[in-house]
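In what follows, a single structure is set out as structure tokens and then discussed.
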């Protein structure tokens, strides 16, 4: 272990632009990765950051209108489910969003579901459901629904669809609390803007919001940690005098492909999730791999086995039911594997000692 | 190690001290001058001003809401720096680390985050633990949450269940005290109310805002929590709201209450523009209600971002967003509104807000009850405190600012008629001694033996902005952390909280509530002693009962 740590420190101390990727880790792991990236002038990115980054950019441009999972579950009278991802991410999502018992909610409407740009599939019993899709693409149907909600004229050759869209628009205007549920990784930015604009239109007369699914691999927790640490989300570089965020320039995959990054710290240490490695990972780029799973790394790479957060050690991670970071007890009580935070902290100390020597 | 601060002018209003003398520090505490022992380290501070480390009673420095603000406005430090505000043009300046550094450089050693969300206490504490040097504490927000409202609906306001629930929440989130933000207003917003007054009823629950605040005051008193309920009243920011603030004070029935950032409730509706200073009426009420303390929430001109759990108010305020983007986050309890704002010197309303805040300080009969704050970042960034100290201590500086305000604002403001200048002792009251007293943090805010060795040393200058922007020396728990305005040593502070007892039955009830309605386990958001790997991170402030 000690020699692996020393080799990792040597490898990283020589790097010009190390990229910290994967980042499937808990908040303590993210804190340690950010600290080391700051020390080394590196870049941080998360392996499931596509959606987070898109949502972050849209938010920075125009704001956002989130609702917590609990508020949606208890108080939404109309849930608009956009795309396939939300149910792929959580097969029980609709059961959770339509529980048997709720807190007092606004209005007298019966609760309804509108599925947009996806098949209706299995829905909770007793919940009136409309499917809006047909042969149109998801951006098209979202745009149609947005127009119908604003009572703007729109054209579609599919008369049945047109009728459904008009009726859904009316329902949204008459809702006491309409919520649009989506995964930002599935929606392009213009679609995200359209959804937000629709919410902003609705709130002039009623209550409306969005429920954006959090990224897998504690993506939201890592992102929040990055923001409170340096004021910026993931895909941030610490190579200059001040931190710089760029969704394109500081994507781990691109940095590895272009050869701009000359070292990789790959972190994959979360129970129940596996970070999809970049296509160029471990191919000719010196790497330090912290993983709780078996890894096929290069011969000269440094691989350090760590505990899986939540399974092997207590962890603070983003928990969708509370729409925030929570603390989870380890499922296995007797693990003595080191944590990501331990390992990165020690590597940082070794680099400091090397610098001082 | 015995440290001597030798020959400074010691300003310690808690002990009526303003005289040249020595201060001794040992083992992190202030000590008596020891007999027959020479100090191991002497700092010659002759001709300098020596005060206790400053304490900020209300500054949004951590947690979900603040980080939502950072997400919306990463460019805030860049815009502020370009305007000439004292902040470096880097997004990181708004991060946790820079917060501790900058506070310490100004001589602050304790800061209170006033709006911890119960279900997001873990994030608030993670962020606070990333802030170096200063000690911290959080106030936890209740009063718009369905659990509380459901208890109050049942009409058993005085039953022990509410007391147990509040005690459990304080302990579970490791909070120093209770915050109530627009009691019932955020919940009413969820039922599509867009205004909410003191005597309006929360839909479905039937309890009034007044009823919620009264119940919370009773509970906090019964629990013996030193800090009274920290209340953000209804109708913030609205012309004529001084009536609401006065009515809230009248309703206190002698129970202690702390009203936050009262400048934002100091508005009358007189004059052609229907907006006037309510400061005289407000201060008359505050001067009269001896159980009430307040912090001011002073406004300064320039770019900032407003972050508040008063989601109803922020929703209304979204129209004034500058830059034009905003966040309304609808969540358990209060939710959050984030609205960027630029206070303009040329604006009639903004200029008057600026003047009203100063009037409030300067009309206070008892500064022990009128504490300093800007409601950072809502009124102004905390990095600008020295400018406000200057305005309070120097009427020429005040006049210089006042003369550049719009004619219409000057005509209706009483500020020009006030010649009062705060003394160093008075400044030490509103930034040290009084916050410590109101928070129940008896070991700080003063310089008597036994106090924690948090000390700030300044060079006296006519220009108070310069004087307070950079302390000569700052000791945190007896160690030098700042020299000549720069941090020279990174240390990590402690987090203070109360731990009132409660009947363990409440845990089962709360567990069942979260399980049924949220599919969540309250243990997920409980802050435990093992939360931090720093062994002495948490410290308990004793409750009276």
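The values are calculated or read from the model by the stated rules, or taken from the named source; none is laboratory data. A quick note: this is a predicted structure, and the numbers were derived from the prediction, not measured. Every residue, glycine among them, receives a Cβ derived from its backbone with ideal geometry; neighbour counts consider all protein chains shown.
At least 1 residues that are under 20 Å from residue B:349 (Cβ atoms) and touching a helix residue (DSSP H, G or I) at 6+ places or on another chain (Cβ under 9 Å) in each: list the strands (runs of 3 or more DSSP E) lying fully within the range B:274-329 that qualify.
Details: elements: B:292-295, B:302-308, B:326-329.
Where strands (runs of 3 or more DSSP E) fall fully within the range B:274-329 and carry at least 1 residues being under 20 Å from residue B:349 (Cβ atoms) and touching a helix residue (DSSP H, G or I) at 6+ places or on another chain (Cβ under 9 Å), they are B:302-308, B:326-329.
Looking at B:450, B:526, which is the one that is within 14 Å of another protein chain (Cβ to nearest Cβ) and in contact (Cβ under 8 Å) with a residue 40 or more places away in the chain?
Details: B:450 fails: within 14 Å of another protein chain (Cβ to nearest Cβ).
Exactly one residue qualifies, and that residue is B:526.
What about residue B:203, is it under 24 Å from the mean Cα position of the chain (by Cα), surrounded by fewer than 24 Cβ atoms within 10 Å (Cβ to Cβ) and not in a helix (DSSP H, G or I)? Walk me through how you get there before you give the answer.
Details: under 24 Å from the mean Cα position of the chain (by Cα): no; surrounded by fewer than 24 Cβ atoms within 10 Å (Cβ to Cβ): yes; not in a helix (DSSP H, G or I): yes.
The answer is no for residue B:203.
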Exception for residue B:175 within (1) part of a loop (DSSP other than H, G, I, E, B); (2) at pLDDT below 95 falls at (2)
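Considering B:225, B:220, which residue is in a helix (DSSP H, G or I), in contact with a strand residue (DSSP E or B) (Cβ under 8 Å, 6 or more places away or on another chain) and at pLDDT 95 or above?
B:220
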Hey, any hits in the range A:243-255 for a residue that's surrounded by fewer than 24 Cβ atoms within 10 Å (Cβ to Cβ), more than 14 Å from chain B (Cβ to nearest Cβ) and at positive phi? no
Go through A:92, A:140, A:131, A:101 for me and flag whichever is within 11 Å of another protein chain (Cβ to nearest Cβ) and over 16 Å from residue A:211 (Cα atoms). A:101
Looking only at the range B:128-144, decide whether some residue is within 14 Å of chain A (Cβ to nearest Cβ), farther than 30 Å from residue B:385 by Cα, in contact with a helix residue (DSSP H, G or I) (Cβ under 9 Å, 6 or more places away or on another chain) and free of Cβ contacts under 8 Å to residues at least 24 places away in the same chain. no
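Where residues in the range A:310-326 are within 14 Å of another protein chain (Cβ to nearest Cβ), closer than 24 Å to residue A:346 by Cα and touching a strand residue (DSSP E or B) at 6+ places or on another chain (Cβ under 9 Å), which of them is surrounded by the most Cβ atoms within 10 Å (Cβ to Cβ)?
So the residue we want is A:315.
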List the number of the failed condition for residue B:391; all other conditions in (1) part of a loop (DSSP other than H, G, I, E, B); (2) surrounded by 19 or more Cβ atoms within 10 Å (Cβ to Cβ) hold. (1)
Restricting the range B:324-351 to residues that are crowded, with 18+ Cβ neighbours inside 10 Å and free of Cβ contacts under 8 Å to residues at least 40 places away in the same chain, the one nearest to the other protein chains (Cβ to nearest Cβ) turns out to be B:328
Quick count over the range B:79-120, residues being in a helix (DSSP H, G or I), within 9 Å of chain A (Cβ to nearest Cβ) and buried (at least 23 other Cβ atoms within 10 Å of the Cβ), is 6
Check residue A:222 against each of (1) more than 10 Å from chain B (Cβ to nearest Cβ); (2) crowded, with 24+ Cβ neighbours inside 10 Å; (3) not in a helix (DSSP H, G or I) and name the one condition it does not meet. (3)
Determine whether the range B:361-383 contains at least one residue that is within 11 Å of chain A (Cβ to nearest Cβ) and at pLDDT 95 or above. no
Hey, among A:69, A:24, which residue is more than 7 Å from chain B (Cβ to nearest Cβ), buried (at least 22 other Cβ atoms within 10 Å of the Cβ) and farther than 24 Å from residue A:276 by Cα? A:69
Just checking, does the range A:142-160 include any residue being within 30 Å of residue A:319 (Cβ to Cβ), at pLDDT 95 or above, out of contact with any helix residue (DSSP H, G or I) (no Cβ under 6 Å at 6 or more places or on another chain) and not assigned by TED's automatic domain parsing to the domain that holds residue A:273? no
Just for the range A:270-289: of the residues that are touching a strand residue (DSSP E or B) at 6+ places or on another chain (Cβ under 6 Å) and closer than 28 Å to residue B:527 by Cα, which one is surrounded by the most Cβ atoms within 10 Å (Cβ to Cβ)? A:270
